[in-house]
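The values are calculated or read from the model by the stated rules, or taken from the named source; none is laboratory data. Predicted model only: the values in this text are computed from it and were never measured. Methodologically, a virtual Cβ is constructed for each residue, glycine included, from the backbone with ideal geometry; neighbour enumeration extends over all protein chains shown.
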Amino acid sequence: MTLNLIKEKIYSVNNIVIIGHIAPDADALGSTCGLAEGLINIGKKVYVVFEDKVPDNLEFILRGIRKKGIDVINYFPKDKNIELIIYCDLSSKSRIGNNLLNDINEDIFSICIDHHESNEQFSNLNYVIKNAMATCEIMYEVFNALNLKITPSIADSLFAGLSADSGSFRYSQTSPNTFFVAMKLSECGARTYDISTNLWSMKSRKKIELLKIILDRMEFSFNDKFVVSYVTLDDFKKLDSTKEHLEGLVSELRDIQGVILAVLVYEQEDYFKFSVRGKDENISTLPISTSFGGGGHILASAARINKDSTDFKEPTIEKIIGRIKDIVAKII
Ligand SMILES: [Mn+2]
């Protein structure tokens, strides 16, 4: 039903803006760019908008729309007589970005296609499938409902989101439908090897140099079920790297056989931050993060401790690790 209404609306307009969330990831980029290409192919004028910059390592997802002569822009095209906004992979208005949100005219009809549990149904038409692995997984159904052809280059974009959000088909929400859509995208010509290589085998040397430090400083306890490591401000400076290079590295600690809780602490100018990853759904990472005022999910959470914090006097990496271990002792 919703898909019929979405189809009617899309076919009745010409100028469409497609928006994804701040801190763009492969699913947001894949679903917006894939849909944009499909709509361009039926003659629509399409703008793909993200408030935040597209990370360098995900630029490959933009190849398809660039070939069509458009690029991602970071502002709302106010003067272009926009008739429809389609939000992809966007769970709430707060994830649009403040500048963009200010510029969006509330009177413009909107559609949201998303898979987040927390989706706030903020659009006129909301197509939200909460057990879908990725928005790109839902997009396959949307393309069919809209009679849009999935070209090889669109299949590339959608496969990127599907592969990324499923952790390359490893995460627990990966379903028969996830594999079905992957098969269909492969049939449509997705270059699965190329996309997987771009997503999973392009770690920068700086990242690996940081990993070297992290592995070198691993400290195991609680019968090797817990591991912690850290990166100091000095390390970042010496390696000319930033906290962005740490992305995903805590998982390397979690993935060690026997480990069920892994913590990575790092230092910045004004604060310390740590990420916790778990492997056992019965042992939540949340007590650790929330006791420092942080939060997240059962198997992945984080917290930040400001250096001028009043409830933690003169924090140091050592003190933070000590306090984390006190909590781990109670839950592991
Ligand atoms: Mn997603």
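Contact map, region 120-149: first residue over 18 Å from GLY30 (Cα atoms), second residue among the aromatic types (Phe, Trp, Tyr), Cβ cut-off under 7 Å, separation 6 or more or different chains; pairs are SER123/TYR87; ASN124/PHE109.
Any residue at all in region 180-191 that's assigned by TED's automatic domain parsing to the domain that holds PHE60, within 14 Å of the ligand (Cβ to nearest atom) and over 23 Å from LYS279 (Cα atoms)? Yes, some residue in region 180-191 is assigned by TED's automatic domain parsing to the domain that holds PHE60, within 14 Å of the ligand (Cβ to nearest atom) and over 23 Å from LYS279 (Cα atoms). Counting only helices (runs of 4 or more DSSP H) wholly contained in region 1-91, the ones carrying 2 or more residues that are within 16 Å of the ligand (Cβ to nearest atom) and of a type in the set (S, T, N, Q) occupy 26-41. Taken together, the residues in region 156-170 that are in contact (Cβ under 8 Å) with a residue 60 or more places away in the chain and away from the ligand (no atom under 15 Å from the Cβ) amount to 1. Of the candidates SER123, SER91, the single residue that is within 17 Å of the chain's Cα centre (by Cα) and within 18 Å of HIS21 (Cα to Cα) is SER91. Against the criterion of being touching a Ser or Thr at 6+ places or on another chain (Cβ under 9 Å), among the aliphatic types (A, V, I, L, M) and closer than 30 Å to LYS237 by Cα, MET202 does not qualify.
For region 183-233, a residue qualifies if it is outside any loop (DSSP other than H, G, I, E, B) and closer than 21 Å to ILE288 by Cβ, and the qualifying residues are ILE214, GLU219, PHE220, SER221, PHE226, VAL227, VAL228, SER229, TYR230, VAL231. Listed conditions (1) more than 22 Å from PHE220 (Cβ to Cβ); (2) assigned to a helix (DSSP H, G or I); (3) among the acidic types (Asp, Glu) are all met by ASP308, apart from (2). Pairing residues of region 252-272 that are under 17 Å from ASN282 (Cα atoms) with residues that are part of a loop (DSSP other than H, G, I, E, B) and of a type in the set (S, T, N, Q), at Cβ distances under 7 Å and at least 6 apart in sequence or on separate chains, gives LEU261/THR285. Kindly evaluate ALA303 against the criterion of being in contact with an Asp or Glu (Cβ under 9 Å, 6 or more places away or on another chain), closer than 27 Å to SER118 by Cα and not in a helix (DSSP H, G or I). No; evaluated as a whole, the condition is false for this residue. The single residue among ILE96, ILE82, ILE86, ILE108 that is in contact with a strand residue (DSSP E or B) (Cβ under 7 Å, 6 or more places away or on another chain), in contact (Cβ under 8 Å) with a residue 24 or more places away in the chain and closer than 26 Å to PHE180 by Cα turns out to be ILE86.
Filtering region 100-140 to residues that are charged (D, E, K, R) and away from the ligand (no atom under 13 Å from the Cβ) leaves ASP103, GLU106, ASP107, GLU120.
Among the residues of region 245-266, those identified as over 20 Å from SER168 (Cα atoms) and outside any loop (DSSP other than H, G, I, E, B) are HIS245, LEU261, ALA262, VAL263, LEU264, VAL265, TYR266. Counting only residues that are within 16 Å of LYS9 (Cβ to Cβ) and crowded, with 17+ Cβ neighbours inside 10 Å, region 123-145 holds 6 of them.
State whether one or more residues within region 176-188 are hydrophobic (A, V, I, L, M, F, W, C), crowded, with 16+ Cβ neighbours inside 10 Å and free of Cβ contacts under 8 Å to residues at least 24 places away in the same chain. The answer is yes, given that some residue of region 176-188 is hydrophobic (A, V, I, L, M, F, W, C), crowded, with 16+ Cβ neighbours inside 10 Å and free of Cβ contacts under 8 Å to residues at least 24 places away in the same chain.
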